[in-house]
Amino acid sequence: MYSSMSDCLIKTIRSEGYFGMYRGAAVNLTLVTPEKAIKLAANDFFRHQLSKDGQKLTLPKEMLAGCGAGTCQVIVTTPMEMLKIQLQDAGRVAAQKKILAAQAQLSPQAGAPPSVEAPAAPRPTATQLTRDLLRSRGIAGLYKGLGATLLRDVPFSIVYFPLFANLDQLGRPASEEKSPFYISFLAGCVAGSTAAVAVNPCDVVKTRLQSLQRCVNEDTYSGFLDCARKIWRHEGPSAFLKGAYCRALVIAPLFGIAQVVYFLGIAESLLGLLQDPQA
């Protein structure tokens with residue numbers, strides 16, 4: 001349906017309005033904070049466990065710590081992505097149904113009465129989707145695509161955390177323990193966008209697997225390898241880079257801001273104020 005990011009933007013605003021661009025935002029607002037907290041804290045935990053006598057970690061150990069962080073975060077990431085994709089995909093499916101209905105009215109069969117357009121179905125909410133998935137599939141319904149999420153997030157963390165640590169180290173003054181906040185921000189942006197592009201093929205497959213609604217002539221998939229094979233066969237290798245530019249634009253500031261908040265200790269300061277109101 002979309003030929004580029006700008007084409008997708010125009011068609012989405014035209015069919016769903018400006019606020020159609022924010023579908024799934026409530027799920028992200030609710031779950032992105034614990035997701036990033038688990039990711040960053042788990043990486044620090046594994047780095048601490050792998051370090052010896054405060055010596056600098058080797059690159060393989062940095063990658064191993066990132067692997068552990070990526071594995072831990074999917075506890076929150078998988079249901080968050082599952083719900084977000086259904087909310088965002090609802091508009092695309094509804095738009096195609098409108099197009100098909102309009103085409104049917106323009107070229108009705110000979111002798112057939114003109115079809116009456118059915119009323120638009122109400123858009124699902126995150127709460128409704130969660131309830132329906134739990135009722136029909138149990139907890140496994142929220143974790144559909146868990147394997148594909150692991151295949152995306154573990155390599156992402158393996159690339160991201162060592163790259164961020166080394167970029168952040170380059171900008172750290174010798175006399176200071178922490179880098180200036182803008183160095184952490186820039187390091188998070190560069191490392192985040194690089195890792196996002198590197199794992200984009202896995203993200204494409206994961207999104208297809210987690211999409212429960214199918215439009216006309218869309219493939220169904222039995223697993224990760226089946227999905228990757230069908231994408232390669234029907235759309236070519238370039239399909240695995242779809243959305244890479246958009247994803248890099250989102251991930252770069254997201255991780256830049258997350259790293260600044262984490263390294264400045266804002267969360268620790270807030271928790272200290274809550275525990276000691278007189279401070």
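The values are calculated or read from the model by the stated rules, or taken from the named source; none is laboratory data. The structure presented is a predicted model; accordingly, all values stated were derived computationally and were not measured. As a convention, Cβ positions derive from the backbone with ideal geometry for all residues, glycine included, and neighbour counts pool all protein chains shown. Surface accessibility is based on the protein's heavy atoms, side chains included, excluding ligands, DNA and RNA. Shrake-Rupley method; radii C 1.70, N 1.55, O 1.52, S 1.80 Å.
Details
- Carbon + sulfur, % of accessible area of region 123-258 - ligands and nucleic acids excluded, 1.4 Å: 64
- Of the GluC sites (Glu not before Pro) found in region 8-66, no site is in coil according to DSSP while having at most 12 other Cβ atoms within 10 Å of its Cβ.
- Heavy-atom accessible surface of region 130-202, averaged per residue, reaches 50 Å², computed with a 1.4 Å probe.
- At most 14 other Cβ within 10 Å, DSSP loop - trypsin sites (Lys or Arg not before Pro), region 140-231: Lys178, Arg214
- Relative packing of 158-169, 3-14, 37-48, which averages over residues the other C-beta atoms within 10 Å, highest first: 158-169, 37-48, 3-14
- Under 23 Å from the Cα of Lys56 - lysines, other chains or at least 8 residues apart: Lys39, Lys178
- Sparsely packed GluC sites (Glu not before Pro) within region 172-263, loop by DSSP, other Cβ within 10 Å at most 10: Glu176, Glu177
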